[in-house]
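The values are calculated or read from the model by the stated rules, or taken from the named source; none is laboratory data. Here the structure is a predicted model, which means the values were calculated and not measured. Virtual Cβ from ideal backbone geometry, glycine too; neighbours counted across all protein chains shown.
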Amino acid sequence: MSATGDDCNVPTDICFSFAGFQARGGGTDVHADGWGIAFFEGRGARVFVDPQPSCVSPVAELVRNYPIHSKNVIAHIRKATQGVVALENTHPFMRELWGRYWVFAHNGNLPDFSPELDGSFMPVGQTDSERAFCWLLQNLRQRFGDQVPSQSRLFDTLHQLTLISARAARATICYPTATACSRTVPPCSATSFGRRLLPLHTCVIRI
């Protein structure tokens, strides 16, 4: 699976860069099991997903020809590991917590990660990625309740939870969180914590 996250200080038209991304989904690359993209606009979010390869997807053509401007964009093309090729298994996934939309996309495979879920957040599909997303949100709600934590506490907790899930799945996760900065956050870059982790798996979360 392949995911990217962009964070800009001004609303940006992504149509030019999207053309290359679209070709990778089954055209110039092997990631042909679906694709998705999320745009944040203020507190709202537009999410487009399609289980077809992005290189032939009518939805991708719609996105490419529609001049959406956004400060925050998460895009993903899928090479399936767990879960069939279907709409419900297509990244990115979105949930609500604390009155804000959370969007999640993940690279890699978590074959040994089977966390218990309490029902507050449940996966719709069969992917390890969506299950991990639900588990992360569940733990945040358990730890902080209805009180929204500070950004530093939030990211420290997400980092700790990511390492826990990595150990449980016998994996190493590269975790480039899309923070409020004025530049693109490339995969496997140092996170906001100043730590660099090995690039076997990647998850991008935007809140």
Filtering region 115-149 for residues that are in contact with a helix residue (DSSP H, G or I) (Cβ under 8 Å, 6 or more places away or on another chain), among the acidic types (D, E) and assigned to a helix (DSSP H, G or I) leaves a count of 1
Looking only at region 118-130, and only at residues there that are modelled with pLDDT of 95 or more and among the charged types (D, E, K, R), the one that is nearest to R95 (Cα to Cα): E130
S165 - would you say it is at pLDDT below 90, surrounded by fewer than 18 Cβ atoms within 10 Å (Cβ to Cβ), more than 15 Å from the chain's Cα centre (by Cα) and among the hydroxyl-bearing types (S, T, Y)? no
Out of the residues in region 99-112 that are surrounded by fewer than 16 Cβ atoms within 10 Å (Cβ to Cβ) and touching a helix residue (DSSP H, G or I) at 6+ places or on another chain (Cβ under 9 Å), which is modelled with the highest pLDDT? P111
Is there any pair with a first residue in region 77-90 that is closer than 16 Å to A132 by Cα and a second that is of a type in the set (V, I, T) and surrounded by fewer than 15 Cβ atoms within 10 Å (Cβ to Cβ) whose Cβ atoms are under 8 Å apart and which are 6 or more apart or on different chains, and what are they? E88/V124
Selection status of I68, buried (at least 17 other Cβ atoms within 10 Å of the Cβ), within 15 Å of the chain's Cα centre (by Cα) and at pLDDT below 95: no
Among the numbered criteria (1) farther than 23 Å from R46 by Cβ; (2) in contact with a helix residue (DSSP H, G or I) (Cβ under 6 Å, 6 or more places away or on another chain); (3) of a type in the set (S, T, Y), which single criterion is violated by S152? (2)
Would you point out the residue of region 71-96, among those that are in contact with a Pro (Cβ under 6 Å, 6 or more places away or on another chain) and at pLDDT 95 or above, that is surrounded by the most Cβ atoms within 10 Å (Cβ to Cβ)? T90
Taking D33 and the conditions (1) part of a loop (DSSP other than H, G, I, E, B); (2) surrounded by fewer than 22 Cβ atoms within 10 Å (Cβ to Cβ), which numbered condition does it fall short on, given that it satisfies the others? (2)
